[in-house]
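Student: Questions regarding the structure given below will be posed in turn.
The values are calculated or read from the model by the stated rules, or taken from the named source; none is laboratory data. All figures in this text were calculated on a predicted structure; none of them were measured in a lab. Every residue, glycine as well, gets a Cβ built from its backbone with ideal geometry; the counts of neighbours run over all protein chains shown. Heavy atoms of the whole protein, side chains included, go into the accessibility calculation; ligands, DNA and RNA do not. Shrake-Rupley method; radii C 1.70, N 1.55, O 1.52, S 1.80 Å.
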Amino acid sequence: MLDTTPRCPEGTPAGSTPDDSVLVAALTEIDRFLGAEAWGQPARLFALVPTCELVAAEPSLAGQLAAGSPDSLSSIEQEGFIAGDHLEQTLASIAWPATVHGAAISVERTFLPAEEESAIPEDPEQAAAYVAAHPRRQDLRLVCGAMRNGVHYGVARVLDHPDDLLGGSDLVPSLEAALLATLRDEAPTGDDPGTPATEG
């Protein structure tokens, strides 16, 4: 029987980080995973770990993970994550164990075309209600990620254009910076990053 279990390439230094193409692949896979569910989801947080290291640590997961490339990432959703009223502040309280090489978050946002923005009320609650009820509103799902090597990226999908996936570094600068900050201070290396949700 052909063995397709992902393995770390020989000579790969411990703690080495993949390039941005691997991060983009992981974010795209998270977007695909979320696309199987209905819109209207809360913010969802994921740890990103090398698939080969995850399989080495948990061999029983090999059958759940696609082989992919040797440096592919698996995303592990953090169950029970609550974004709160200020997402960046919530992220500022998070530190990952060394086994986590990156982090990603998905959020949904509603926005209006630029020419409609001047009419949005200044009061946050009134503004949210105004945008939600506006006939030209657009619903957007963002998936942003960052790696310990400083690489960061974001992808976005608009509800009315489900076949188009936008992307770029600094797509959402504040959110990508907040994710980078969670990777600067490591928690104890024995901490469990969670349960795999999907692979990128």
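Student: Going by average Cβ density within 10 Å per residue, which order do the peptides 99-109, 27-37 take, highest to lowest?
Tutor: Values: 99-109: 22.6, 27-37: 17.6.
Top to bottom by mean Cβ count within 10 Å: 99-109, 27-37.
Student: A further question follows. Could you list which residues have their amide H under 5 Å from that of residue 96, counting only those 5 or more apart in sequence or on another chain, with H placed in the peptide plane?
Tutor: 185, 187
Student: Which cross-chain or sequence-distant (5 or more) residues have an amide H under 5 Å from the amide H of residue 171, H modelled 1.01 Å from N in plane?
Tutor: 154
Student: Let me ask you something else. If you plug each phi of segment 153-167 into the Karplus form 6.51 cos²θ - 1.76 cosθ + 1.60 with θ = phi - 60°, what whole-Hz ³J(HN,Hα) values come out, in order, with x for Gly and Pro?
Tutor: 6, x, 10, 9, 10, 8, 4, 6, 10, x, 8, 9, 10, 8, x
Student: A further question follows. What is the distance, in nm, between label points placed 7 Å from the Cα along the Cα-to-Cβ direction at residue 20 and at residue 127?
Tutor: 2.9 nm
Student: For segment 90-176, which whole percent of the accessible surface, found with a 1.4 angstrom probe, sits on carbon and sulfur atoms? If you can, show how the numbers build up before the last one.
Tutor: Values: 2310 of 4380 Å².
With neighbouring chains kept in place, the figure for segment 90-176 is 53 percent.
Student: Using a Förster radius of 41 Å, what is the FRET efficiency between residue 136 and residue 95 based on their Cβ-Cβ separation? Nearest 0.05, please.
Tutor: Working from the Cβ atoms, E equals 0.50.
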